[in-house]
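The values are calculated or read from the model by the stated rules, or taken from the named source; none is laboratory data. Note that the structure is a prediction, hence the values are computed from the model and not measured. Please note: Cβ atoms are built from the backbone with ideal geometry, for glycine as well, and neighbour counts cover all protein chains shown.
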Amino acid sequence: MIHSTFHKFTFLLMALVISINVSGKKRINNDFSQKNNPINFSQVKIDDNFWLPRLKTHAAVTLPACIDQCENKTQRIKNFAIAAGMEQGTFKGFVYDDSDLYKMIEGASYSLMNNANPELERNLDSIIAKIAAAQRPDGYLMTYFELGDLTQRWTNMDKHEMYCCGHLIEAGIAFYNATGKRSLLDVAIKYANHIDQTFGPGKRIWVPGHEEIELALVKLYRVTDDERYLRLSHWLLEQRGHNNGTWNQADRDYYQDLVPVKDLKKISGHAVRSMYLFTGMADYSSTTKDTTYIRALDRLWDNVIHAKMYITGGIGSSRENEGFSEDYDLPNEEAYCETCASVGMVFWNQRMNMLKGDGKYVDILERSMYNGALAGISLSGDRFFYVNPLESKGDHHRKAWYGTACCPSQISRFLPSIGSYIYATSPDKTVWINLYIGSETKIKLENNLIALKQETKYPWNGEVTIYIKPEQTQKFNFKLRVPEWCKKYTVAVNGKVIHAKVNLQYLLISRKWKKGDKITFNMDMPVEVIAADSRVKADVGKRAIQRGPLVYCMEQVDNPDIDHAELNASTTFNIQEEKNLLGSVVTINARTGNKTYQFIPYYAWDNRQPGKMKVWVDYK
Ligand code: FUB
Ligand code: ZN
């Protein structure tokens with residue numbers, strides 16, 4: 001939790017106009033409208049100093065490494081081949097291993113959308129053929145049970161059957177969007193139909209132990225227009241909180257099963273499961289305009305942001321439940337902060353911004369993306385963190401893979417899709433610019449097509465230029481997000497400084513735009529010294545350093561005297577562009593008395609020789 005006087009507490013004062021629809025079942029708020037709609041990354045070409053090299057490394061190194069792990073170093077693909085009768089053997093791995101392969105395919109498909117790669121596509125075709133061949137005639141597909149005791153399927157709600165189906169759906173949709181091929185989508189639909197025929201009103205009850213299918217079913221509804229999937233998603237969301245799980249009473253909290261989801265008050269239990277649940281709830285809300293879940297989402301958001309989130313955007317401090325503990329319990333060295341949970345924060349906060357159109361959600365999205373999530377992968381692209389502590393004695397390092405490999409496959413599907421978080425539109429002829437990433441896109445606003453080009457050196461400085469080329473000269477609006485960290489900025493149109501109103505952290509620029517117009521947005525990006533909320537015991541008497549969206553840390557390799565590092569009110573800070581360090585970074589030098597300490601971006605730690613690391617530094 002970070003202490004900030006700039007947080008706006010947006011209390012939900014929505015006038016609820018509730019009506020009953022024809023079926024009498026849905027609570028629809030006719031006044032409710034989604035505030036913006038993101039432009040999908042497939043429409044965005046990233047051409048950015050910071051992100052483009054990472055996307056290239058993803059395609060050249062990360063994806064091949066993930067495929068190699070699934071194909072050769074572990075049995076993730078072979079499990080399907082055996083289940084299909086194409087190979088001999090027995091199941092090896094964990095119950096949820098199928099999901100890693102699905103996430104790998106999803107990431108590979110996104111990569112194909114960014115850059116065609118016929119060889120990769122052929123490889124995916126052959127993997128998908130094995131997956132399809134492993135599917136049971138009734139649609140069921142889970143190698144753990146198919147190669148084990150099939151009579152035990154659908155008996156234990158924590159065995160990830162629906163979780164795997166959710167990832168299969170996401171992968172099927174991604175591959176379809178990338179190639180136009182229905183091969184994996186049809187498999188996913190068949191599995192979803194099997195689930196729909198087995199569970200639901202008047203059928204069997206099921207409470208998915210690990211959420212994921214809820215958000216995936218909404219996606220499937222959007223692709224197929226088949227309302228069955230939307231209804232099933234809603235029904236599954238509604239199953240929670242009635243003590244119908246196959247787990248112990250004591251574990252209901254871990255599974256977000258203590259109360260019905262609309263009544264959730266505080267965030268608790270498993271962090272990744274929570275993120276997927278809230279993303280699913282938000283997706284259901286925006287798709288149906290049903291506002292039932294929105295108050296709960298607001299409460300949960302306030303709780304996590306103000307009492308359970310690290311400065312890195314990492315969440316889930318406890319190793320014991322891979323999740324949340326008490327408010328303000330945010331230890332640094334013991335921090336769990338699973339990479340998947342930070343990516344989950346990106347997913348959920350994007351959905352919250354779609355619902356509310358408030359830049360405070362993008363602040364969190366950006367914090368999690370540039371810090372908690374990005375630390376999850378090495379600069380070389382082939383080593384991954386599962387756990388992301390904020391302090392280390394020098395014994396915590398990224399690994400090539402994990403037995404439970406959710407994080408490598410997560411980061412691999414996330415990176416190629418970051419283009420989806422930059423731009424959005426709304427029907428009031430507004431283009432929203434959420435993230436500052438060098439990129440080009442073409443946006444359709446009513447009958448106009450607007451070409452945009454964004455140039456910036458973000459996150460290293462706050463200068464952004466947006467070149468605008470509408471097909472027709474027309475009046476429309478831009479909303480530029482003013483990040484929470486930015487306290488001073490100038491904005492100019494065609495070189496002339498303008499004074500624009502800010503609402504919910506968006507600068508509104510409304511005018512007639514013509515080809516050749518440009519917006520220059522200059523955000524001051526000073527070094528900030530951050531104090532934690534005084535209730536966070538681990539950070540009492542300490543400060544952290546942040547600049548722009550990046551949280552910084554100290555490593556022993558730069559600071560042999562790291563144990564005695566100290567900041568105080570007289571510490572002076574200098575920034576330095578270091579092109580040859582850690583893939584090109586801006587470092588921060590802190591001078592306290594006659595001692596100088598060097599800080600590097602947190603995401604870049606553990607990429608050199610092992611040693612101690614800390615984010616929170618003594619402050620006297
Ligand atoms: O259970 C599947 C995944 O493994 C979860 O999302 C992670 O937290 C890890 O427990
Ligand atoms: Zn994970």
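Scanning region 371-390 for residues that are within 13 Å of ligand 2 (Cβ to nearest atom) and without any contact (Cβ under 8 Å) to a residue 60 or more places away in the chain gives GLY376, PHE384, TYR386.
In this structure, is TRP235 farther than 22 Å from ILE131 by Cβ, of a type in the set (Phe, Trp, Tyr), in contact with a strand residue (DSSP E or B) (Cβ under 9 Å, 6 or more places away or on another chain) and away from ligand 1 (no atom under 16 Å from the Cβ)? In short, yes. Here the condition is being in contact with a Leu (Cβ under 9 Å, 6 or more places away or on another chain), among the basic types (Lys, Arg) and buried (at least 21 other Cβ atoms within 10 Å of the Cβ); of LYS356, LYS429, it holds for LYS356 alone. Count of region 306-362 residues, restricted to those that are within 16 Å of ligand 2 (Cβ to nearest atom) and on the phi > 0 side of the Ramachandran plot, is 4. Whenever a residue of region 391-406 is more than 10 Å from ligand 1 (Cβ to nearest atom), its partners that are at pLDDT 95 or above and of a type in the set (A, V, I, L, M), lying with C-beta atoms within less than 6 angstrom and at least six residues away or across chains, give the pairs SER392/MET613. The one condition from (1) surrounded by fewer than 21 Cβ atoms within 10 Å (Cβ to Cβ); (2) within 14 Å of ligand 1 (Cβ to nearest atom) that GLY344 does not meet is (1).
Can ASP302 be described as charged (D, E, K, R) and under 30 Å from ALA531 (Cβ atoms)? Answer is yes for this residue. Identification of strands (runs of 3 or more DSSP E) wholly contained in region 427-523 with 1 or more residues that are under 28 Å from SER42 (Cβ atoms), in the same structural domain as ASP47 (by TED's automatic domain parsing) and modelled with pLDDT under 95 yields no element. The one condition from (1) among the β-branched types (Val, Ile, Thr); (2) within 25 Å of the chain's Cα centre (by Cα); (3) under 25 Å from GLU71 (Cα atoms); (4) buried (at least 19 other Cβ atoms within 10 Å of the Cβ) that VAL218 does not meet is (3). When each of SER268, SER285 is tested for being away from ligand 2 (no atom under 16 Å from the Cβ), assigned to a loop (DSSP other than H, G, I, E, B) and crowded, with 20+ Cβ neighbours inside 10 Å, the lone residue that passes is SER268.
A quick yes/no check of all residues on (1) within 16 Å of ligand 2 (Cβ to nearest atom); (2) farther than 25 Å from ILE189 by Cβ; (3) outside the structural domain of ILE195 (by TED's automatic domain parsing); (4) not in a helix (DSSP H, G or I):
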| residue | (1), (2), (3), (4) |
| --- | --- |
| LEU217 | no, no, no, no |
| TRP235 | no, no, no, no |
| TRP247 | no, yes, no, yes |
| TYR276 | yes, no, no, no |
| THR279 | yes, no, no, no |
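Of the residues contained in region 272-280, none is found to be more than 16 Å from ligand 1 (Cβ to nearest atom), among the small types (Gly, Ala, Ser), buried (at least 20 other Cβ atoms within 10 Å of the Cβ) and closer than 17 Å to LEU232 by Cα. Take the residues in region 137-177 that are charged (D, E, K, R) and assigned to a loop (DSSP other than H, G, I, E, B), then tell me which one is surrounded by the most Cβ atoms within 10 Å (Cβ to Cβ). So the residue we want is LYS159.
Picking from residues in region 288-341 that are outside any loop (DSSP other than H, G, I, E, B) and β-branched (Val, Ile, Thr), the one that is surrounded by the most Cβ atoms within 10 Å (Cβ to Cβ) is ILE315.
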